[in-house]
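Notes follow the structure.
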Amino acid sequence: MEKERILIIGGGPAGLEAAYNLAENNYAVTIFEKDTEIGGNIKKWVKLFPDFGDAAEVRKNFKDKVTRQDIDIKTDISINELYSENGKWFAKNSSGNVYEGNAALLATGFETFNASRKEELGYGIYNNVITSVEFEQMYKTGKIITAEGKTPERIAFLNCVGSRDEKVGNHYCSRICCINAVKQAIEFKELVPDAEAYCFYMDMRMAGQFYEELYRKSQEKFGVTYIRGRISEAAGTIDNRIQIKSEDTLTGLPLKMTVDLLVLMVGIESSDSTTALAKQNEINGEYGFAKSVGLHGSDNLTKKEGLFLAGSCKRPLTLPETIADGRAAAIQIIEFLKLKVKN
Ligand code: SF4
């Protein structure tokens, strides 16, 4: 008997974890990944928080798991249309090819906020204003340097760029950038122990396990300084440094500081494909994310029969949450298909 097939849109951790669990349970799976390689946003990271786990190793484990199974992995494919007809699901790519399945899983992940939308922070204007994603890429080379090739003597990290921000229309917290700032500040101090590292924040949200401990360690062992205040403006100086203006909201005093490198901790936004495919299926929620039936026990379900959700296509999630959510989605899909057979 031919196996029932599940179409998974997105080859990041949520999609891969779901695919592996479905294949383990004897279902046929097709994964559509828009990039040349699977792995999603893990590809952008070197080390993961809060344990400094090797991101490449985690990605390799995922790859090994899915390639051990008979899973049809289609890379370099963007799905433009996702729809159902007569109880089947169909995914259509930009070349017009149509793929058929018995259920579909949206696992289209997230994109990071485009920092040039915050013009006052100087991203795209001054070379020494970079994003946390670019910091990560630089860290991969084993050194953190300015655009002029110098080792920074002073670095600042700015939290909440593109999140909790009325002006850009994102009121939500991205949940991963506080701890990422702590991680990157430690990484910097490990590389350049004599340099100064400052982190500007609104609140330090250390809600994950071992986050608080790492936050303390960053201060006690590595000497990272945290300043409660948002940077209102960043401007280039004649010697290519960055002058930042802020207010220390704990003391109520205005603050000016010149740094060699300013790192913008960019938040999470819905990916274009999430927004488009969610809209097509009338499951679009707030901020372009896809909407599940409910948070408590039905978070992988949608109001469309046979269409499921996993991971950060719903809202910002941490990596462990994303992986668990991929597995939960697989269970929900299996239950749905078994029930369908019975009926
Ligand atoms: S996790 Fe921290 S930096 Fe990120 S949006 Fe929330 S409060 Fe801001």
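The values are calculated or read from the model by the stated rules, or taken from the named source; none is laboratory data. Just so you know, these numbers come straight off a predicted model, no measurement behind them. When we count neighbours, we look across all protein chains shown, and the Cβ atoms used for this are built from the backbone with ideal geometry, even at glycine.
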Tell me the residue from E269, E282 that is within 30 Å of F157 (Cβ to Cβ) and acidic (D, E), please. E269
Residues in the range 296-309: is at least one under 21 Å from the mean Cα position of the chain (by Cα) and part of a helix (DSSP H, G or I)? no
Say we look at the range 204-223 and pick out the residues that are in a helix (DSSP H, G or I) and within 16 Å of the ligand (Cβ to nearest atom); which of these is surrounded by the fewest Cβ atoms within 10 Å (Cβ to Cβ)? E212
Failed item in (1) touching a Lys or Arg at 6+ places or on another chain (Cβ under 7 Å); (2) buried (at least 17 other Cβ atoms within 10 Å of the Cβ); (3) under 19 Å from G311 (Cβ atoms), with G40 passing the rest: (1)
Checking the conditions here, which among S292, S270 is closer than 30 Å to L7 by Cα, in contact with a Phe, Trp or Tyr (Cβ under 6 Å, 6 or more places away or on another chain) and not acidic (D, E)? S270
Test set (1) in a loop (DSSP other than H, G, I, E, B); (2) away from the ligand (no atom under 16 Å from the Cβ); (3) within 18 Å of the chain's Cα centre (by Cα); (4) within 27 Å of F188 (Cβ to Cβ) - S163 fails condition number: (2)
Within the set of pairs 6+ apart or on separate chains, which have a first residue in the range 202-223 that is more than 24 Å from T322 (Cβ to Cβ), a second that is modelled with pLDDT under 95 and part of a loop (DSSP other than H, G, I, E, B), and C-beta atoms under 7 Å apart? M202/R230
Candidate set: the range 180-203, residues that are more than 7 Å from the ligand (Cβ to nearest atom) and aliphatic (A, V, I, L, M); chosen: the one surrounded by the fewest Cβ atoms within 10 Å (Cβ to Cβ): L191
Determine, yes or no, whether K92 is under 19 Å from I9 (Cβ atoms), within 16 Å of the chain's Cα centre (by Cα) and either not in a helix (DSSP H, G or I) or not acidic (D, E) (or both). no
Contact list please: Cβ distance under 8 Å, first residue in the range 27-45 and among the acidic types (D, E), second residue at pLDDT below 95, pairs at least six apart or on different chains. D35/K43; E37/K43
Picked from the range 151-160 (must be of a type outside the set (S, T, N, Q) and more than 10 Å from the ligand (Cβ to nearest atom)), the residue surrounded by the fewest Cβ atoms within 10 Å (Cβ to Cβ) is E153
Please enumerate the residues belonging to the range 15-37 that are of a type outside the set (G, A, S), buried (at least 23 other Cβ atoms within 10 Å of the Cβ) and touching a Phe, Trp or Tyr at 6+ places or on another chain (Cβ under 9 Å). L16, E17, V29, F32
From the options G109, G169, residue that is touching a residue at least 24 places away in the same chain (Cβ under 8 Å) and within 16 Å of the ligand (Cβ to nearest atom): G169
Go through the range 224-245 and give me each residue that's of a type outside the set (A, V, I, L, M), in contact (Cβ under 8 Å) with a residue 40 or more places away in the chain, under 22 Å from T151 (Cβ atoms) and part of a loop (DSSP other than H, G, I, E, B). N240, R241
